[in-house]
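Reviewing the structure listed below.
The values are calculated or read from the model by the stated rules, or taken from the named source; none is laboratory data. This one's a predicted model, so the numbers in the text were calculated from it and none came from an experiment. Note that we place each Cβ from the backbone using ideal geometry, even for glycine, and neighbour counts take in every protein chain shown. For accessibility, only protein heavy atoms count, side chains too; no ligands or nucleic acids. Shrake-Rupley method; radii C 1.70, N 1.55, O 1.52, S 1.80 Å.
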Amino acid sequence: MFDDKMPVCTPLEQIGEFSLIKHLTRDLVSRQVSTVKSVGDDAAILEFSKEQLLISTDMLLEGIHFNLAYNPLKHLGYKSVVVNLSDIYAMNARPTQITLSLAISNRFSLESLEEFYEGVKLACEHYQVDLVGGDTSSSRLGMFISVTVIGATDKKDIVFRKGAQPGDLLVVSGDLGAAYMGLQILEREHKVFKVNPHMQPELKGYEYLIERQLKPEARKEVFDLFKSMNIKPTSMIDISDGLASEILHLCDQSDLGCKLFEDRIPIDPQTILACEEFKMHPAIAALSGGEDYELLFTLALKDYEKIKDQPLLKIIGHMTSPEEGAQILTQYGTSTSITAQGWDAFLKKSTF
Ligand code: ADP
Ligand code: MG
């Protein structure tokens, strides 16, 4: 069935669940010594020595989190893994294994699932994690993806959302708002396409934004940097729902306020250009956009020297007493409370 003469579009009914799983997982390799038994039995077996294990799960639903009209399946496979790894890095731990569960309707072919798994395997290779199991089911409508990631680290290295102290620096990696603007561009071009299928999408000049939306990366290099510079943040979170919402999580869990400086928020020039086009304030894209998968963390002042010249990291504010609340100092010099929604509620995608 899987020989060279395979038609380019093999219906899943022709294959059966057992052969499908076998086919999709046939060339999996284990890279982690902690993987004792991978795919193929009733359960995977992992063995860790003294480290603590971390587990996190994320679900991606067609029509809610992705649109197959413009999310290529290979990218989607890659992204499904990456968004989960990001949660483990946000605890200052290293991801080691994942499991992947899928529900698909019969409109998917074997080849389309192979494409999806190509992306999954690429992410596993890039981040050196093992795919050790999962589940496969049919669905009446659409595609459901659920990834569980397992990570490990020394207990003393784990960083929580709580733990920040007044006066700690508030630091973010990379830049913000690009993935959100990428989504705006893709949505716009998709609308044009629906009206006129002969129109080619206008994506030139937006490459960075589109890539940030369709093929995000988790911040492994920041985790590596912490290790090499002997830095342990006092609190940390990854940015999946927008800077505002994540800052509020750190403030809430650490029982502190903060002062964020709007003009210090790192925003890529392409994001700024796209915001001009969409008549949107770039800070809104960064604060409310989401899906950046950057790391937001707080750092004791004593570590300032270590990070001040790191091009990947930007100090955007500091933590204050809880009475002062979470405040943003705007570029006009006024101070406003940070709210997760309400900056521009209609921009916010529906998430739960
Ligand atoms: P069970 O009937 O016990 O649930 P399955 O036939 O679903 O077993 O799975 C057989 C093996 O294949 C297990 O090791 C399982 O973890 C793995 N597996 C199933 N679906 C997937 C998937 N989508 N991706 C990776 N591994 C999978
Ligand atoms: Mg099963």
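Counting only helices (runs of 4 or more DSSP H) wholly contained in the range 269-326, the ones carrying 2 or more residues that are closer than 23 Å to SER86 by Cβ and touching a helix residue (DSSP H, G or I) at 6+ places or on another chain (Cβ under 6 Å) occupy 269-277, 282-288.
Within the span defined as the range 260-273, every residue fails to be without any contact (Cβ under 8 Å) to a residue 40 or more places away in the chain and surrounded by 21 or more Cβ atoms within 10 Å (Cβ to Cβ). Apart from one condition, ALA44 fits all of (1) crowded, with 19+ Cβ neighbours inside 10 Å; (2) under 24 Å from the mean Cα position of the chain (by Cα); the exception is (2). Only a single criterion out of (1) more than 24 Å from GLY317 (Cβ to Cβ); (2) open to solvent by 60 Å² or more (accessible area, probe 1.4 Å); (3) at pLDDT 95 or above is not satisfied by HIS198, namely (3). What tally of residues in the range 207-239 results from selecting those that are within 16 Å of PRO72 (Cβ to Cβ) and either at pLDDT below 95 or of a type in the set (Val, Ile, Thr) (or both)? So the answer is 1. So, in the range 143-163, how many residues would count as being closer than 26 Å to GLY16 by Cβ and open to solvent by less than 10 Å² (accessible area, probe 1.4 Å)? Summing the residues that are closer than 26 Å to GLY16 by Cβ and open to solvent by less than 10 Å² (accessible area, probe 1.4 Å) in the range 143-163 gives 3. On inspection, SER80 fails the criterion of being polar (S, T, N, Q), over 30 Å from ARG140 (Cβ atoms) and either part of a loop (DSSP other than H, G, I, E, B) or touching a helix residue (DSSP H, G or I) at 6+ places or on another chain (Cβ under 8 Å) (or both). With a requirement of 1 or more residues that are under 17 Å from the mean Cα position of the chain (by Cα) and within 16 Å of ligand 2 (Cβ to nearest atom), the strands (runs of 3 or more DSSP E) lying completely within the range 95-196 that satisfy it span 144-153.
Among the numbered conditions (1) assigned to a loop (DSSP other than H, G, I, E, B); (2) more than 21 Å from GLN97 (Cα to Cα); (3) small (Gly, Ala, Ser), the only one that SER245 does not meet is (1).
Just one of the listed residues (SER80, SER101) is within 23 Å of ARG31 (Cα to Cα), within 15 Å of ligand 1 (Cβ to nearest atom) and open to solvent by 10 Å² or more (accessible area, probe 1.4 Å), and it is SER101.
Look at (1) open to solvent by 20 Å² or more (accessible area, probe 1.4 Å); (2) modelled with pLDDT of 95 or more; (3) on the phi > 0 side of the Ramachandran plot and you find that GLY177 fails only one, number (1). On the given criteria, is SER86 in contact (Cβ under 8 Å) with a residue 12 or more places away in the chain, part of a helix (DSSP H, G or I) and within 25 Å of ILE231 (Cα to Cα)? Answer is yes for this residue. The residues of the range 20-39 that are open to solvent by less than 70 Å² (accessible area, probe 1.4 Å) and within 14 Å of ligand 2 (Cβ to nearest atom), listed by number, are LEU20, ILE21, LEU24, THR25, VAL39. Of (1) outside any strand (DSSP E or B); (2) within 18 Å of the chain's Cα centre (by Cα); (3) at negative phi, ALA69 satisfies all except one. Which? Single failed check for ALA69: (2).
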